[in-house]
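Have a look at the structure below before the remarks.
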Amino acid sequence: MASRAPIRVDRGSRALITSRVVSDEDEPRDGGRRASDVPMDLLKEREAFVRSFLKKGVEYTELLLRENRELREELDEVRNENARLRSQVASDDAIRDLLRTVERLEAERRALLDRSKQLERFEAEHEHRQAQIEQEMNDLANLYVASFQLHASLSVRRVVRHLQDMVGQLVGADAFVIYVIDDAAGRIVPIAHEHVEPSEVRALELGEGPVGEACMTGLRRLRELDVHRIDRSDPVAVIPLLADGKPVGAVEIVRLLEQKNGWASVDHELFELLAAHAGAALIAANLYEQAGGPLGALRHLTSKL
Amino acid sequence: MAELSCLVVEDSPMMRQLLVFALARIKRLHVTEAEDGVDGLRKLAQGKYDLIITDINMPIMDGLKLVKRIRSDEAHKDVPIIIITTEGSQEDRQRAMALGATAYITKPIQAPQVIAKVKELLSIE
């Protein structure tokens, strides 16, 4: 490529060369004179012209060489520029590819974040549900144990003890009194109490105070607010004990444990259990003891079928 | 993983059964029951335990005396002891801790609370 670089020729210089060559060739035809016949000044003029011509030729050659070199340099520059532009175009393509990849990755990242948030919600719901199930299992275990223990014993003392455990340790009552109705005396008599002064534990008339009312009506009484206030005229809870749907006694809760700040759903279940089973358990244990044991308690059973 | 053993000393059958129910949910934990402090000592003499849970208020021998006896027994002096107490009986709780009890649970007991405490003391995941 470099050897075929075009040579630019100045138009003025070409005209000068042409005119001088023509005049030199024509010279012998003008009269047929020899060099020796030519006057000295003319010879000097011709020599000066030749010198000038050669000098111009050298200058022109140098000019051409210089221009050639410059053109080569320009060509190199253009080639470099071309290569740079080509690589830029390539890198632009790469950037476009990268941008597309970034967009795709961003979309994937958003999808993953959404999925992660979804999983977090699911996990929180799962944990909440698990806690609920744990609580339900705990509540069911409490109910099962309370029911089992109430009916597992046929000793009046043990049944009363289980009742006390149930009220004190499962419900969380700190001070309470358990009453039964003494039908013969027409009164309500206390049979057990915890953390209540003995002087404050006495028999009641049917209909007397909240306990007397519960023993008459069979209706439960619960104070939902201000559960730590101690007021015997308005106890925090009075649970009637029923047998065959009729009241046979009651549990009066005077004070709750410090850490208990209200009624849980399982407490209501325990009260249901107390109301429905405690009276029956007391009656069964009492009859069993009166009958003098299992066989005595079964006496006359067949005649009742 | 080896079996772990736990002794539950509680005079109330209801509470004892509740504790056994809760502890049954911990895998590889074998539970032995004792009705009071004396029964507890008898069971301790018959075998080794990794954990003891005891009530404070019990007839014949209460939980405080039991804790004291366990700590003076070479075979069980380092066994963790959980005492069961009511929130109000801080004095008993402090005395039990001073005698060597490791932790306490307040009544009314909740199974998750018992399970968490037992797992913590036995280093169960």
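Derivation of every value follows stated rules applied to the coordinates shown; laboratory data play no part. These numbers come from a predicted model, not from an experiment. Positions of Cβ are generated from backbone atoms using ideal geometry, with glycine treated the same way; all protein chains shown enter the neighbour counts.
Descriptive notes on the structure:
- For residues of B:109-120, the mean tally of beta carbons on other chains within 10 Å: 2
- Cα-based reach from B:Lys27 at 30 Å (exclusive), listing lysines while leaving out same-chain residues under 8 positions away: B:Lys43, B:Lys48, B:Lys68, B:Lys77, B:Lys107, B:Lys117, B:Lys119
- Restricting segment A:154-250 to GluC sites (Glu not before Pro) in coil, as DSSP defines it, with at most 13 other Cβ within 10 Å: A:Glu224
- For chain A: rounded, prolate or oblate by the Cα gyration tensor [a/c cutoff 1.5]: prolate
- For peptide A:169-177, the mean count of partner chain Cβ atoms within 10 Å of a residue's Cβ comes to 3.
- Relative packing of peptides A:264-275, A:77-88 - highest average C-beta neighbours within 10 Å first: A:264-275, A:77-88
- Dipole magnitude (debye, nearest 20) for chain A, charges at Cβ of Lys, Arg, Asp, Glu: 1220
- Cα shape, segment A:254-305, gyration tensor, a/c 1.5 rule: prolate
- Mean Cα-pair separation over length for segment A:153-289, i.e. relative contact order, pairs under 8 Å, 6 or more apart, %: 27
- Of all the options A:Ser155, A:Ser199, A:Ser52, the one that moves most in a Gaussian network model of chain A with Cα springs shorter than 10 angstrom is A:Ser52.
- Rounded to two decimals, the Cα-based Rg/Rh of chain B, with Kirkwood Rh, is 0.92.
- Around A:Ile230: net Lys/Arg minus Asp/Glu count, Cβ-Cβ under 15 Å: -4
- Nearby lysines by direct alpha-carbon distance to A:Lys55 (threshold 23 angstrom, same-chain neighbours under 8 apart not counted): A:Lys44
- For residues of A:140-153, the mean tally of beta carbons on other chains within 10 Å: 3
- Segment A:165-191 and segment B:21-69 have Cα centres spaced 30 Å apart.
- Under the criterion of Cα pairs below 8 Å and six or more residues apart, the relative contact order for chain B equals 24 percent.
- GNM top mover of A:Arg72, A:Arg46, A:Arg220 - chain A, alpha-carbon springs below 10 Å: A:Arg46
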